[in-house]
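Chemist: Sharing a structure with you now.
The values are calculated or read from the model by the stated rules, or taken from the named source; none is laboratory data. None of these values were measured; they are calculated from a predicted model. Positions of Cβ are backbone-derived with ideal geometry, glycine not excepted, and every protein chain shown enters the neighbour counts. The area values use the complete protein model at the heavy-atom level, side chains included, leaving out ligands, DNA and RNA. Shrake-Rupley method; radii C 1.70, N 1.55, O 1.52, S 1.80 Å.
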Amino acid sequence: MKLFRRGMPTQPPNHTAAYGSPRTDVAVLDPALQELTGEWIIDPAHSRIGFSVRHAMVTTVRGSFTEYQSRLFFDGRDPSRSRAEVVISTASVDTGVGQRDAHLVGRDFFDADNYPQMRFVSTEVQPISSDTYRMAGNLTIKDMTRPVVLEMTYIGHVLDPFGYQRAGFDGTTTIDRSDWGLTYNSKLAEGGSMVSEKVRLQFDIAAIRNAPPN
């Protein structure tokens with residue numbers, strides 16, 4: 001059984017379609033998915049919301065956000081009705097270098113004092129096949145909202161010793177940070193920029209059901 005797996009549709013998702021509209025052009029879903037219908041949250045102790053970006057055109061800097069809240073709903077009968085919302089504290093950015101982190105939370109980048117949160121809210125979940133999904137949504141940074149599309153990969157689900165259902169998946173998308181007003185940069189003597197405008201966002205998620213099954 002698969003819930004999320006990286007894949008590309010033959011046609012781009014219809015962002016103008018009504019949110020939650022059932023799709024009829026995909027394979028029949030595994031009936032076992034119905035057992036996962038319900039409210040979920042991200043378990044921050046076992047998850048990572050991160051990013052990677054080219055630095056000086058030759059290396060990659062990786063970081064993550066350590067504080068966030070989430071609301072997730074999965075509909076196993078009609079996955080197109082699933083939805084997600086994640087609110088991230090911009091001041092929680094962590095690249096492992098204190099001086100760099102201070103620069104990122106400052107006015108050149110996130111300006112965390114004036115914009116303490118960034119937010120992703122889904123607008124459409126598109127089942128591509130019985131085991132492939134794409135999630136479209138709006139990403140807000142510094143009060144600027146732009147559409148993004150996440151490619152999702154399902155890892156699996158288990159019932160833990162405490163009676164909670166857990167599901168794991170990862171997702172990725174690439175954005176142009178200048179679309180959200182993150183335009184600070186320095187030029188290299190050889191040409192090019194110190195920090196790439198393309199940023200890869202990565203979601204390594206362990207989700208837990210809000211309440212144990214009966």
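Chemist: Scanning for something touching a residue at least 60 places away in the same chain (Cβ under 8 Å) and over 18 Å from the mean Cα position of the chain (by Cα), does segment 93-103 turn up at least one residue?
Modeler: No, segment 93-103 contains no residue that is touching a residue at least 60 places away in the same chain (Cβ under 8 Å) and over 18 Å from the mean Cα position of the chain (by Cα).
Chemist: Within segment 170-182, work out how many residues are under 18 Å from Val86 (Cβ atoms) and open to solvent by 30 Å² or more (accessible area, probe 1.4 Å).
Modeler: 2
Chemist: Go over the candidates Ala84, Ala91 one by one and state the one that is open to solvent by less than 30 Å² (accessible area, probe 1.4 Å), at pLDDT 90 or above and either of a type in the set (Gly, Ala, Ser) or at negative phi (or both).
Modeler: Selected residue: Ala84, the only one of Ala84, Ala91 that is open to solvent by less than 30 Å² (accessible area, probe 1.4 Å), at pLDDT 90 or above and either of a type in the set (Gly, Ala, Ser) or at negative phi (or both).
Chemist: Please state which of the following conditions Ala102 fails to meet, knowing it meets all the rest: (1) aliphatic (A, V, I, L, M); (2) at pLDDT 85 or above; (3) touching a strand residue (DSSP E or B) at 6+ places or on another chain (Cβ under 7 Å).
Modeler: Ala102 satisfies all of (1) aliphatic (A, V, I, L, M); (2) at pLDDT 85 or above; (3) touching a strand residue (DSSP E or B) at 6+ places or on another chain (Cβ under 7 Å) except (3).
Chemist: Restricting to segment 71-81, give me the number of residues that are under 14 Å from the mean Cα position of the chain (by Cα) and free of Cβ contacts under 8 Å to residues at least 60 places away in the same chain. Steps first, answer last, please.
Modeler: Step one: filter segment 71-81 for residues under 14 Å from the mean Cα position of the chain (by Cα), giving 71-72.
Still in the list and also free of Cβ contacts under 8 Å to residues at least 60 places away in the same chain: 71.
Of the residues in that region, 1 qualify.
Chemist: Then there's this: Kindly indicate whether Asp113 is outside any strand (DSSP E or B), open to solvent by 30 Å² or more (accessible area, probe 1.4 Å) and touching a Leu at 6+ places or on another chain (Cβ under 9 Å). Write out each step before concluding.
Modeler: Numbers: outside any strand (DSSP E or B): yes; open to solvent by 30 Å² or more (accessible area, probe 1.4 Å): yes; touching a Leu at 6+ places or on another chain (Cβ under 9 Å): no.
When the stated conditions are applied, Asp113 does not pass them.
Chemist: Additional query: Just wondering, is there one or more residues in segment 127-148 that are outside any strand (DSSP E or B) and within 23 Å of Thr66 (Cα to Cα)? It would help to see each step written out before you state the result.
Modeler: Start the filter on segment 127-148 by keeping residues that are outside any strand (DSSP E or B), which leaves 130-131, 142-143.
Those left that are additionally within 23 Å of Thr66 (Cα to Cα): 142-143.
Checked segment 127-148: at least one residue is outside any strand (DSSP E or B) and within 23 Å of Thr66 (Cα to Cα).
Chemist: On to the next question. Does Asp75 satisfy being crowded, with 16+ Cβ neighbours inside 10 Å and not hydroxyl-bearing (Ser, Thr, Tyr)?
Modeler: Numbers: crowded, with 16+ Cβ neighbours inside 10 Å: yes; not hydroxyl-bearing (Ser, Thr, Tyr): yes.
Yes, satisfied.
Chemist: In addition: When residues of segment 169-183 are filtered for being assigned to a loop (DSSP other than H, G, I, E, B) and either charged (D, E, K, R) or in contact (Cβ under 8 Å) with a residue 60 or more places away in the chain (or both), how many remain?
Modeler: Residues meeting the conditions: 1.
Chemist: Taking the criterion of being buried (at least 19 other Cβ atoms within 10 Å of the Cβ) and small (Gly, Ala, Ser), would at least one residue in segment 96-106 satisfy it?
Modeler: No: zero hits.
Chemist: When you go through Ala32, Ala27, Ala56 one by one, which is the residue that is at pLDDT below 90 and closer than 20 Å to Arg134 by Cβ? Outline the logic, then answer.
Modeler: Details: Ala32 fails: closer than 20 Å to Arg134 by Cβ; Ala56 fails: closer than 20 Å to Arg134 by Cβ.
Step by step, each of Ala32, Ala27, Ala56 is checked, and only Ala27 is at pLDDT below 90 and closer than 20 Å to Arg134 by Cβ.
Chemist: Related question: Quickly run through segment 124-156 and pick out the residues that are open to solvent by 50 Å² or more (accessible area, probe 1.4 Å), at pLDDT 85 or above and touching a strand residue (DSSP E or B) at 6+ places or on another chain (Cβ under 8 Å). Please lay out each step first, then the result.
Modeler: As a first pass, look at segment 124-156 and keep what is open to solvent by 50 Å² or more (accessible area, probe 1.4 Å): 138, 143-147, 155.
With the extra rule that they be at pLDDT 85 or above, the set shrinks to 138, 143-147.
Scanning segment 124-156 gives Asn138, Thr145, Arg146, Pro147.
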